[in-house]
Amino acid sequence: MSYTTNKRVDGAFDDVVGMTIDALEDAGFGVLCDIDVQATFATKLEEEFRQYRILGACNPGLAHQGLEEDLDLGTLLPCNVVVYEDDAGDVIVSAVDPGQLLAVADNPALESISDDANDRFEQAFESL
């Protein structure tokens, strides 16, 4: 079973990153961090890498509910969404499947939270 949802999005890389952030915000997520993997590898490793950004997406209400159920859940937060160029030069947006992510906690109380997060990710992906 896949642990991500992926979508090829037409547009320039930086434009797709912006569209993704906007779509996440419209679905109730804030982007807490934006990691430019290409720039980090260039600076820290002097290595070239494809365009690749990791967006740390968080819905504060869902995070609060989850942490009320399981304080260690913070090790799985925020939910990551990545925007990258594949080998063909297409721009791909990929998000972690909240159900797969939260399944590692083995806590049935988190199922409704993962369902809500999943619905919100679907909403964001549909708008891309």
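The values are calculated or read from the model by the stated rules, or taken from the named source; none is laboratory data. Nothing here was measured: the structure is a model prediction, and the numbers come from that model. With ideal geometry, Cβ positions are generated from the backbone for all residues, glycine too; neighbour counts draw on all protein chains shown. The accessibility values were calculated without ligands, DNA or RNA, using every heavy atom of the protein model including side chains. Shrake-Rupley method; radii C 1.70, N 1.55, O 1.52, S 1.80 Å.
Out of all the residues in the stretch 51-75, which are buried (at least 17 other Cβ atoms within 10 Å of the Cβ), in a helix (DSSP H, G or I) and among the hydrophobic types (A, V, I, L, M, F, W, C)?
Those that are buried (at least 17 other Cβ atoms within 10 Å of the Cβ), in a helix (DSSP H, G or I) and among the hydrophobic types (A, V, I, L, M, F, W, C): Leu62, Ala63, Leu73.
Out of the stretch 45-68, which residues are farther than 17 Å from Phe121 by Cβ and either modelled with pLDDT under 95 or polar (S, T, N, Q) (or both)?
Within the stretch 45-68, Gln51 is the sole residue that qualifies.
Are there any pairs, at least 6 apart or on different chains, whose C-beta atoms fall under 6 Å, with the first in the stretch 98-126 and closer than 14 Å to Glu25 by Cα and the second open to solvent by 40 Å² or more (accessible area, probe 1.4 Å) and among the basic types (Lys, Arg), and if so, which?
As it stands, the answer is Phe125/Lys7, since those pairs meet every condition given.
For the stretch 102-116, give me each residue that is closer than 17 Å to Ala63 by Cβ, surrounded by fewer than 20 Cβ atoms within 10 Å (Cβ to Cβ) and not charged (D, E, K, R).
Of the residues in the stretch 102-116, the ones closer than 17 Å to Ala63 by Cβ are 102, 104-105, 107, 109-116.
Now restrict to residues that are surrounded by fewer than 20 Cβ atoms within 10 Å (Cβ to Cβ): 104-105, 107, 109, 111-112, 115-116.
Selection gives Val104, Ala105, Asn107, Ala109, Ser112.
Which condition number in (1) at pLDDT below 95; (2) outside any loop (DSSP other than H, G, I, E, B) is the one that Tyr84 fails?
The failed condition is (1).
For the stretch 3-33, what are the residues that are of a type outside the set (Lys, Arg) and open to solvent by 70 Å² or more (accessible area, probe 1.4 Å)?
Let us first name the residues in the stretch 3-33 that are of a type outside the set (Lys, Arg), namely 3-6, 9-33.
Within the stretch 3-33, Tyr3, Asn6, Asp10, Asp14, Asp15, Met19, Asp22, Glu25, Asp26, Leu32 meet the criteria.
Between a residue in the stretch 42-53 that is free of Cβ contacts under 8 Å to residues at least 12 places away in the same chain and any residue that is outside any strand (DSSP E or B) and exposed (fewer than 10 other Cβ atoms within 10 Å of the Cβ), which pairs come within a Cβ distance under 9 Å, given they are 6 or more apart or on different chains?
What qualifies is Ala42/Glu48.
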